[in-house]
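The values are calculated or read from the model by the stated rules, or taken from the named source; none is laboratory data. Just so it is clear, the structure is predicted and the values come from calculations on it, not from any experiment. Please note: Cβ atoms are built from the backbone with ideal geometry, for glycine as well, and neighbour counts cover all protein chains shown. All accessible areas refer to the heavy atoms of the entire protein, side chains included, with ligands and DNA or RNA removed. Shrake-Rupley method; radii C 1.70, N 1.55, O 1.52, S 1.80 Å.
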Amino acid sequence: MPIHTDTLRKAFPILETKVNGRPLVYFDNAATTQKPVSVLERLRNYYERENSNIHRGAHFLSQQATDAYEGASKTMQSFINAKHTHEVIFTRGTTESINLVAHSFCSKFVKAGDEILISAMEHHSNIVPWQIACREKQAELKVIPMDEQGELCMDAYRDMLGEKSRLVAITHVSNALGTVNPVKEMVGLAHEKNIPVMIDGAQATPHMAVDVQELDCDFYCFSGHKMYGPMGVGVLYGKEAWLNQMPPYQSGGEMIREVGFKKTTYNELPFKFEAGTPNVADVLGMETAIQFILKLGHQHISAHENDLLHYATGQLKQLDNIRFVGTAAQRTSVVSFLFEDIHPYDTGTILDKLGIAVRTGHHCAQPIMDFYQIPGTVRISLAVYNTRREIDVCMDALTRVREMFG
Amino acid sequence: MATIKEKEQEVIEEFELFDDWMDKYNYIIDLGKALPGIDESNREDKYLIKGCQARVWLLAEYKDGKVMYSADSDALITRGIIALLVRVLSGQAPADIVEADMSFIDRIGLKEHLSATRSNGLLNMIKQMKLYALAFQQKN
Ligand SMILES: Cc1ncc(COP(=O)(O)O)c(C=O)c1O
């Protein structure tokens, strides 16, 4: 069914918030989305009626919680179409998923003189873990360049893939620019040379259907809180063959098979990578968030969000001295811009006063701002509950900003 | 010369005239525009205070027992708030500057601009103003 925001918004009580007496316009969805009541109820129900530690006690509640947790793994598996349930590892979020790969993959497969490829439009979460891993291994971090539009230079990428490349780690969708990268093609090119690819999907899963088998990527990371789920939970998908070869990331309970003081053997997947008591409640909340997305339907979510994206871009274009940052042909849900004559901080401050929540600054992607030589941008990031009317309100606010500073 | 407390009170009274946030911000913007600021040539990295969003430059001089500040920013609202800080602290004795609690910022409803997460450099700027004062104080 096409999206009806009037009905849909009722599931998000927070959207009724008033800011300085005005209705909140929430345009900071790339930072985190709001959560529907179904997710909140799921969390509450877990703690109210189901709470128990999983995989441990052979008692009624524990068994029930274990079943629910394993059910959530299956939901994740089918959501991204992974081949096996045990290829789904629950983490704290994208950041932890990336750190896990950077640590475990690199400790086994990267040696001095090797290269890891990232791109010029990565979130700090997909830069710093690789810098640290490369420093430890005396490997080199290579950066796939991008052009003015905010598209990766595929020719340069092809040339960079070589004998020494051990891994490519790239974002599916840029949080600062909205660019959708041609990840399938990039995986194909890397695989021609037997180089595995990790995709940072934090900004993709809220907006589009992802099929890891179709992409054929080796790792895929995403966060629950950016797709209507709770904070503190996310997923690392990894191909079984890689995960089995990689050493554990953290150690403790749950991830072991047998422990002796001389020797410990590790449990099988996914437990090997899930040390300690997992975040059961939030995993279940994330499952409910996925059900929320599936019920709306990816094609309807995309249709609605693309309509908003085009509408917003068309409206904003009419403002004087506006400069769009990130004009790639394939984009989703993000409009990043600044006024040539007004600092983004000033724009953001006035928008905030007018009840409009946007993010200003470098969006944890400082290298992008250096590339464009700008102090930052104002970022409108959309979600399924946003409306054209909210964009109109934002336009009025931006007109006011121009009057105040212009 | 008025004390820091007196100057703070002056600013608070000025801001009491505004009952609309728009008027208040328009005033801050005007203050920002009127601030002499720092010459482009002096906007050097050594005077730069890192805030990741807006950049702030701060210079201090010591003359006849008083600290004289000049400061600037690339964001206009930040510049306006800087103008207030400079107005209150510039020309005061180091010991008084070190002691100043700067609560007037809260009283005029601009505290949100001093939160660390805003990262506009203002919080660090106040710290730096006091550090300069402390250094001048110890030189004596
Ligand atoms: C592209 C991208 N990668 C990684 C992250 C980090 O995600 P999290 O903070 O949920 O770990 C974000 C979040 O802002 C992001 O936008």
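What to note about this one:
- So A:Ser62, is it within 27 Å of A:Glu214 (Cβ to Cβ) and either surrounded by 19 or more Cβ atoms within 10 Å (Cβ to Cβ) or polar (S, T, N, Q) (or both): no
- If you go through segment A:343-360 and keep only what is closer than 18 Å to A:Asn20 by Cβ and in contact (Cβ under 8 Å) with a residue 60 or more places away in the chain, you end up with A:Asp352, A:Lys353, A:Leu354, A:Gly355, A:Ile356, A:Ala357, A:Val358.
- Taking (1) over 30 Å from A:Thr7 (Cα atoms); (2) open to solvent by less than 60 Å² (accessible area, probe 1.4 Å) in turn, A:Arg257 satisfies each apart from (2).
- Counting only helices (runs of 4 or more DSSP H) that fall entirely inside segment A:326-406 and contain at least 3 residues that are of a type in the set (A, V, I, L, M, F, W, C) and away from every other protein chain (no Cβ under 14 Å), the qualifying elements are A:388-405.
- Set side by side, the residues A:Leu117, A:Leu8, A:Leu61 differ, and just one is modelled with pLDDT of 95 or more and more than 30 Å from A:Leu152 (Cα to Cα), which is A:Leu8.
- All conditions in (1) within 11 Å of the ligand (Cβ to nearest atom); (2) open to solvent by 50 Å² or more (accessible area, probe 1.4 Å) hold for A:His103, with the sole exception of (1).
- Lone qualifier among B:Val88, B:Val67, B:Val56 - being within 14 Å of another protein chain (Cβ to nearest Cβ), among the aliphatic types (A, V, I, L, M) and crowded, with 19+ Cβ neighbours inside 10 Å: B:Val56
- When restricted to residues that are within 16 Å of the ligand (Cβ to nearest atom) and part of a strand (DSSP E or B), segment A:77-100 contains 3.
- Among the residues making up segment A:115-147, a single one is away from the ligand (no atom under 15 Å from the Cβ), within 21 Å of A:Ser336 (Cα to Cα) and in contact with a helix residue (DSSP H, G or I) (Cβ under 8 Å, 6 or more places away or on another chain): A:Pro145.
- Flag for A:Val187 being surrounded by 17 or more Cβ atoms within 10 Å (Cβ to Cβ) and outside any strand (DSSP E or B): yes
- Matching entry among A:Val197, A:Val180 (being within 16 Å of the ligand (Cβ to nearest atom), open to solvent by 20 Å² or more (accessible area, probe 1.4 Å) and more than 14 Å from chain B (Cβ to nearest Cβ)): A:Val180
- Tally, over segment A:201-217, of residues that are open to solvent by less than 10 Å² (accessible area, probe 1.4 Å) and either over 18 Å from A:Ile301 (Cα atoms) or of a type in the set (Asp, Glu) (or both): 2
- Cross-chain or 6+ apart pairs with Cβ under 6 Å, segment B:29-42 first and assigned to a helix (DSSP H, G or I), then surrounded by 13 or more Cβ atoms within 10 Å (Cβ to Cβ): B:Ile29/B:Leu76; B:Ile29/B:Gly80; B:Leu31/B:Gly80; B:Leu31/B:Ala83; B:Gly32/B:Leu76; B:Gly32/B:Arg79; B:Gly32/B:Gly80
- Residues that are touching an Asp or Glu at 6+ places or on another chain (Cβ under 7 Å) and more than 13 Å from every other protein chain (Cβ to nearest Cβ) do not occur anywhere in segment B:71-78.
- Qualifying residue in segment A:293-316 (condition: surrounded by fewer than 22 Cβ atoms within 10 Å (Cβ to Cβ) and under 23 Å from A:Ser97 (Cα atoms)): yes
- Scanning segment A:293-314 turns up no residue that is more than 23 Å from the chain's Cα centre (by Cα) and more than 20 Å from A:Gln149 (Cα to Cα).
- Residues being more than 10 Å from every other protein chain (Cβ to nearest Cβ) and in contact with a Lys or Arg (Cβ under 8 Å, 6 or more places away or on another chain) - total across segment B:19-32: 1
- Taking the numbered list (1) under 20 Å from the mean Cα position of the chain (by Cα); (2) crowded, with 24+ Cβ neighbours inside 10 Å in turn, A:His363 passes all entries but (2).
- Some residue of segment B:59-73 being free of Cβ contacts under 8 Å to residues at least 60 places away in the same chain, in a helix (DSSP H, G or I), within 30 Å of A:Met369 (Cβ to Cβ) and out of contact with any His (no Cβ under 8 Å at 6 or more places or on another chain): no
- Any hit, segment A:250-265, residues being away from the ligand (no atom under 16 Å from the Cβ), more than 14 Å from chain B (Cβ to nearest Cβ), on the phi > 0 side of the Ramachandran plot and assigned to a loop (DSSP other than H, G, I, E, B): yes
Each row is one residue, and each column tells you yes or no for (1) more than 23 Å from the chain's Cα centre (by Cα); (2) charged (D, E, K, R).
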| site | (1), (2) |
| --- | --- |
| A:Ser174 | no, no |
| A:Val187 | no, no |
| A:Asn194 | yes, no |
| A:Asp216 | no, yes |
| A:Ser223 | no, no |
| A:Val235 | no, no |
| A:Arg257 | yes, yes |
